[in-house]
Amino acid sequence: MTTFLLKIVTPDGLQFEGQAEKLIVRTTTGDVAILARHINFVAPLGMGQAVVVADGQRRTAACIGGMLSVVDGVVTLVPTTFEWADEIDLQRAEKAYQRADQIIQDKQSSDTDIKMAEARLRRALVRKSVASTK
């Protein structure tokens, strides 16, 4: 299969750089699959699972926020958060889920606290879902 150069860079540093056969990632408008010779493309990232196929191997990750660009055959993924499935701490994700849920259920929580807790809850759900694919 034809490959393309894929770079995945987060605020924590380089997560992946190499030849890939396919990238599937969630944008704010839905999932998109990138293959070799994709047209130039830029999209904001949503919150969901990312799939990287390289050397015939499929790896999944939790990918949250950021940007995706395809420029002259080079694909650059710049997510705010990117965690490979085998590196996700499932207990930590479960605790984050429980803390967020408690804030949402608390009748004295402010609207701001609830909105922030809902975002944390969604991130925890993505991590838990991706971790289950290990």
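Residue pairs, Cβ under 7 Å, 6 or more apart or interchain, first in segment 96-111 and modelled with pLDDT of 90 or more, second not in a helix (DSSP H, G or I). List them. Correct list of pairs: ILE103/SER109.
For PHE82, only one of the following conditions fails: (1) over 25 Å from SER132 (Cβ atoms); (2) touching a strand residue (DSSP E or B) at 6+ places or on another chain (Cβ under 9 Å). What is its number? For PHE82, the failing item is (1).
Return yes or no: is ASP86 farther than 18 Å from ARG122 by Cα and either in contact with a Cys (Cβ under 6 Å, 6 or more places away or on another chain) or at pLDDT below 95 (or both)? Don't jump to the end; show me each part of the working.
Values: farther than 18 Å from ARG122 by Cα: yes; either in contact with a Cys (Cβ under 6 Å, 6 or more places away or on another chain) or at pLDDT below 95 (or both): yes.
Judged against the criteria, ASP86 is a match.
Could you tell me which numbered condition GLY46 fails, if it satisfies all but one of (1) in contact with a Ser or Thr (Cβ under 7 Å, 6 or more places away or on another chain); (2) in contact (Cβ under 8 Å) with a residue 60 or more places away in the chain; (3) closer than 15 Å to VAL126 by Cα? Answer for GLY46: the failing condition is (2).
Kindly indicate whether any position in segment 9-23 is open to solvent by less than 50 Å² (accessible area, probe 1.4 Å), closer than 22 Å to ARG120 by Cα and either touching a residue at least 60 places away in the same chain (Cβ under 8 Å) or out of contact with any helix residue (DSSP H, G or I) (no Cβ under 7 Å at 6 or more places or on another chain) (or both). Yes, segment 9-23 has at least one match. Taking every residue in segment 115-133 that is touching a residue at least 40 places away in the same chain (Cβ under 8 Å) and outside any helix (DSSP H, G or I) and pairing it with any residue that is open to solvent by 20 Å² or more (accessible area, probe 1.4 Å) and not β-branched (Val, Ile, Thr), at least 6 positions away or on another chain, yields no pair with a Cβ-Cβ distance below 6 Å.
The values are calculated or read from the model by the stated rules, or taken from the named source; none is laboratory data. As the structure is a computational prediction, the values presented were derived from the model and not from experiment. Glycine gets a Cβ as well: all are built from the backbone with ideal geometry, and neighbour counts include every protein chain shown. Ligands, DNA and RNA are stripped out before the accessible areas are found, and what is left, the full protein with its side chains, is counted by its heavy atoms. Shrake-Rupley method; radii C 1.70, N 1.55, O 1.52, S 1.80 Å.
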